[in-house]
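Visitor: If you scroll down you'll find the structure; I have some questions about it.
Just so you know, all these numbers are worked out from the coordinates, no wet-lab data involved. Please read these numbers as outputs of a predicted model, since none were measured by experiment. FYI the Cβ positions are ideal-geometry reconstructions off the backbone, even for glycines, and counts take in every protein chain you see.
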Amino acid sequence: MNKKQFKAVDGPIIMLIAFAAMLAMQLVMSFVLIGAGAIEGVAYEILNCVGMILFQLVYLTVYLVYTRKRKIVSDFSPKNKISLFGVLVSIALTFIAFFGFIGLAYYFEYLLGGIGYVGATLDVSTPIGIALLVVATVVAAPIGEETIFRSALCSGLSKSRKDDVGICLISGLCFAFMHINPSQTVYQFCLGAVAAYVMIKGKSVIYAIIMHALSNALALFMSFTRIGVVVDGFYAQTGENIWITLLTCVALPIVAVTIIWLVAKYFKKYETKRLPHKYKGAPKVIWIDEVTKEPIFEGESVPTITEQNRVFQKGFNPYTGEPVMVDRLELQNALREEYNQNNNEKSGVFGKNTYKVAFCVYFVITAFMWLLTFLAGFIVY
């Protein structure tokens, strides 16, 4: 039996639950680190990196439990077929996005430093610490975070919005706020929005995972090599030279956005010709089981209506005891109308438009924590 599609409320609810679970895990890890006392060096690095991996396992657990319990499937499921061309597009656009938006990220970080902000850093120097950091950032984080902030969130958003750009911007904003890291907010927003855009065009979260993994790998490579020092030195001039500032913060982002838009547009056309069924949307419901009320989709077998079974008995009148006869066609119309209403609803436990309530709660919490982290950068570090 086919699984149901996401409702508008499912995406933000999964995101909110996953974020709350991640905060709970962070609290547990904080107590572990405090209890560890004077642990430092390789042991401290291992605990930190293991904690980062556990956060992503929490994300995946929330997603799997929620979707299996509600029997729903993402529009961008990793089970959707991908292509070699799509993988190459994802890789190419990662480089375009990385070097196209890195100037904005550096300039924003430069501005924060100019007003006295100092962000927290994770220093990893031992081989095992570096290995675990690679696993956490290049493997675990792309899978866990893309599952929540791209696959789940965008599936829900697509039921309440029809504009791809709006969906991508919201996804990028939620993704950036989730990290609660002021220094990286700008680039995380750009990466999140671009990954969402490529995923939507290719109909698979795998493309977003590839972009996220490669982007993190590039960042780590720059952090642990002299190339990073050279790049840091170049972008440090953005605050001193107006022409470099215009080039890196205006011209390059515009060029990057243009290339990404054109390539992703062609990518969708390519995928539509290759696998047109991927872009047909949700399967059509042609029958509702009259006992279980479960939908039967196009392509599945349905009962044949004849003159003998078109009108059938459905219980007895409790007052007269006479049998209640029902016209099957009229019953099916009523059941399908009820199914469509329930499947497309945007309401939930809070009443109408629950998905908006979930977004508001998420943004209030993450914005508040982002602000606290920002203020701590002037006091603690």
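Visitor: Can you put VAL205, VAL32, VAL139 in order, fewest other beta carbons within 10 Å first?
Guide: Details: VAL205 30, VAL32 13, VAL139 16.
Going from least to most buried by this count: VAL32, VAL139, VAL205.
Visitor: Can you tell me how much longer the chain between LYS314 and LYS69 gets when fully stretched, taken as 0.36 nm per residue apart minus their C-alpha distance, in nm with one decimal? Walk me through the numbers before you get to the answer.
Guide: Numbers: separation 245, 0.36 × 245 = 88.20 nm, distance 3.07 nm.
Residue separation times 0.36 nm, minus the Cα-Cα distance, leaves 85.1 nm.
Visitor: Right, next: Find how much the distance from ARG274 to LYS293 grows on full extension, using 0.36 nm per residue of separation minus their present alpha carbon separation; answer in nm with one decimal.
Guide: Working: separation 19, 0.36 × 19 = 6.84 nm, distance 3.52 nm.
Fully extending the segment from ARG274 to LYS293 adds 3.3 nm.
Visitor: From the P(r) of region 287-337, can you give the percent of Cα pairs sitting at distances over 19 Å?
Guide: Numbers: 434 of 1275 pairs.
Cα-Cα pairs of region 287-337 separated by over 19 Å account for 34 percent.
Visitor: Quick one: which of 251-261, 177-187 comes out on top by average Cβ neighbours within 10 Å, and what's the full order, highest first?
Guide: Values: 251-261: 15.5, 177-187: 19.7.
Result, highest mean Cβ count within 10 Å first: 177-187, 251-261.
Visitor: Taking neighbour Cβ counts within 10 Å as the exposure measure, how do SER160, SER204, SER125, SER77 sort from fewest upward? Provide the component values of the computation, followed by the final result.
Guide: Numbers: SER160 19, SER204 27, SER125 10, SER77 15.
The most exposed by this proxy come first: SER125, SER77, SER160, SER204.
Visitor: What number, rounded to the nearest 500 deg cm²/dmol, is the helix-based mean residue ellipticity at 222 nm of the chain, given -39500 (n - 2.57) per DSSP H run of at least four residues and division by all its residues? Don't jump to the answer; show the numbers that get you there.
Guide: Working: 14 runs with 242 residues, N = 381.
The helix-only estimate for the chain comes to -21500 deg cm²/dmol at 222 nm.
Visitor: Under a 5 Å amide H to amide H cut-off, with H placed in plane at 1.01 Å, what residues pair with PHE6 once short-range neighbours are removed?
Guide: The answer is VAL73, ASP75.
Visitor: Next up: Based on DSSP loop calls and a cut-off of at most 10 other Cβ atoms within 10 Å, the longest stretch of the chain free of exposed GluC sites (Glu not before Pro) is what?
Guide: For GluC sites (Glu not before Pro) (loop position, at most 10 other Cβ atoms within 10 Å), the longest site-free span of the chain is 41-239.
Visitor: What's the longest piece of the chain with no exposed trypsin sites (Lys or Arg not before Pro), counting a site as exposed if DSSP puts it in a loop and it has at most 16 other beta carbons within 10 Å? Write down the numbers at each step before the final one.
Guide: On the way: sites that count: LYS3, LYS71, LYS79, LYS81, ARG161, LYS162, LYS280, LYS284, LYS293, ARG310, LYS346, LYS352.
Answer from the scan: 163-279.
Visitor: Rank the residues THR147, THR292 as a footprinting-exposure proxy: fewest other Cβ atoms within 10 Å of their Cβ go first. The partial results should precede the final answer.
Guide: On the way: THR147 26, THR292 8.
Ordered from fewest to most neighbouring Cβ atoms within 10 Å, THR147, THR292 come out as THR292, THR147.
Visitor: I would also like to ask the following. Which of the aspartates and glutamates could a cross-linker bridge to LYS7, judged by Cα under 12 Å and excluding same-chain residues fewer than eight apart?
Guide: Filter leaves ASP75, GLU345.
Visitor: Hey, another quick one. Taking the alpha-carbon distance from LYS314 and a cut-off under 26 Å, which lysines remain once sequence neighbours fewer than 8 residues away in the same chain are dropped?
Guide: Reachable lysines: LYS293.
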